[in-house]
Amino acid sequence: MGQMHADDMDLVRDFAANGSEGAFATLVGRHVNLVYSAALRRLGNANEAEEVAQAVFIILAKKAGSLRRGTILSGWLYQTAQLTAANFQRAALRRQRREQEAFMQFAEQSQPDVSWHRLGPLLEEAMMRLGPKERDAVVLRFFENRTVREVASALGLREDAAQKRVNRATDKLRDYFVRRGVQVSTTALLALIGTHAVQAAPVELGGKIAATAALKGAAGSGSMLTLIKTTLKIMAWTKAKMAVMATMVVILATVTTVMVHELKPSGIDAYISDRDLGKFLKAPPLLVIQPTHFPGYVGTFSRSQHRYEHMKMAGRDRTLSDLIATAYDFRTPRIIFPVDMPTNKYDYIVTVPDRPHEAFQARIQSQLGYTARKETREVDALVLKVANSRKLETLKIRGGGRGKPNDANRMFDSGPTVDVLVWELEYSFAKPVVDRTGLTNHDYYDFGLDWRWQGNDLEANRNSLRQALLDQLGLELVPDRQPIEMLIVEKAP
């Protein structure tokens, strides 16, 4: 494999320096199946995959002189194939991904066993979640079916280090598939990738590519040239972005070190030891997450200083899931957590003056290794609807906002908004709740809900709550599938 890797770059340099068509034809014959398969998986159309494959090798011809020594050419070609195929989709305004996801949902319900039809459409997106070094390792090990020793030689690593990199990458792939609802073991996943990831390209495609790409696309169609031009721009932009990000990491690491040194308190315990908001609000600018010093003394504090962007937050004996919900300002039922979330408990305080939520998110990522992104998904939800309009008509808007607290048997204080009702229902049923009542959300209503959570029978309590909603407010909760903006939590790269 070390010799093959060296041959690849020798052929690239020969073509770049001398325009050797034979060298380029050898490269095409060696890697066309890999490029074609990656494009075909993403596009699902053989003709389009052929066009993308031609574009990829034209790009290789144009950039041959600038590829650095040590480049894993198969990894570079695979990534370029992914970028070009994605660019092709955007240019043609295709909806292939949505169709694939719809098919996956159907297949998941109708086929209990894992098959390539379920994994294949998701593989390209999963591979894009890997870093370049991990992606190179997977391409060499499973797409090209090289041994660990050959992978180690190509990557310049010891065999044990190469195996660890492969294992880390495959664990990330499997985690991605599990989050998308495809339960698959690592052994089955690798067997499917090794068997199906690279398919034979049409026999005539290699010759066509070699002839066209050797001329660096001069004979290509207008659409082909546009595709190549825009993909090259994307590649240049991606390279520039990575350089800027690397610089920013160095800067932020320096700034963070200084900030922690300057703000590291003798202890944050004094600010969160009780529910005295006075102490909490007098805290200096701090951003600290520590293993809890208050086991069993759960508590949270928050106070908005003038507006949301200047909110102060603190908590004790909270899980990582609690920290993420606070940092991203998301309700827990609308968050999808990894299956292996840690259960450690923490204390925290965030009193930095500007954009505290963003600062809190960055600290969770750097210190605890988790990040999150918003994504609209169709999920199981409950729709809050009007079942008895006469009861609903008895609700009166309270002009002065919230009223006095009602007795302890009520779920709410007098005068909640509809959003408060939805918020409570989401936590009670552990599912997103969609408001379809038609009530104005910014108004406060003169009602409470006479109901209390009693005993440990979860289903009985929820049925009791449903009945109270119907009897007292004329509202019902209807199970449904709804597109909901969810927060997807992932391990940080």
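Rounded to the nearest whole Hz, the Karplus-based 3J(HN,Hα) values (6.51 cos²θ - 1.76 cosθ + 1.60, θ = phi - 60°) of segment 139-144 follow the sequence 4, 5, 6, 10, 6, 9, with x at glycine and proline. A straight chain from Asn145 to Asn167 at 0.36 nm per residue would run longer than the Cα-Cα distance by 6.4 nm. Students often get this wrong, so check it: of Lys63/Lys229; Lys233/Lys374; Lys345/Lys491, which have C-alpha atoms separated by over 23 Å? Violating the 23 Å limit, Cα to Cα: Lys233/Lys374. Panel order for Trp423, Trp451, by other beta carbons found within 10 Å of each beta carbon, from fewest to most: Trp423, Trp451. Most tightly packed first, judged by the mean number of other beta-carbon atoms within 10 Å of their residues, the peptides 349-358, 329-338 read 349-358, 329-338.
Its Cα gyration tensor gives segment 309-382 an equivalent ellipsoid. The semi-axes, each the square root of 5 times an eigenvalue, are 21, 15, 12 Å from largest down.
A short reminder: the numbers here are calculations on the coordinates, not readings from a lab. Bear in mind the structure is a predicted one, so any value in this text is a computation, not a measurement. Ideal geometry is used to build each Cβ from the backbone, glycine not excepted, and the neighbour counts take in all protein chains shown.
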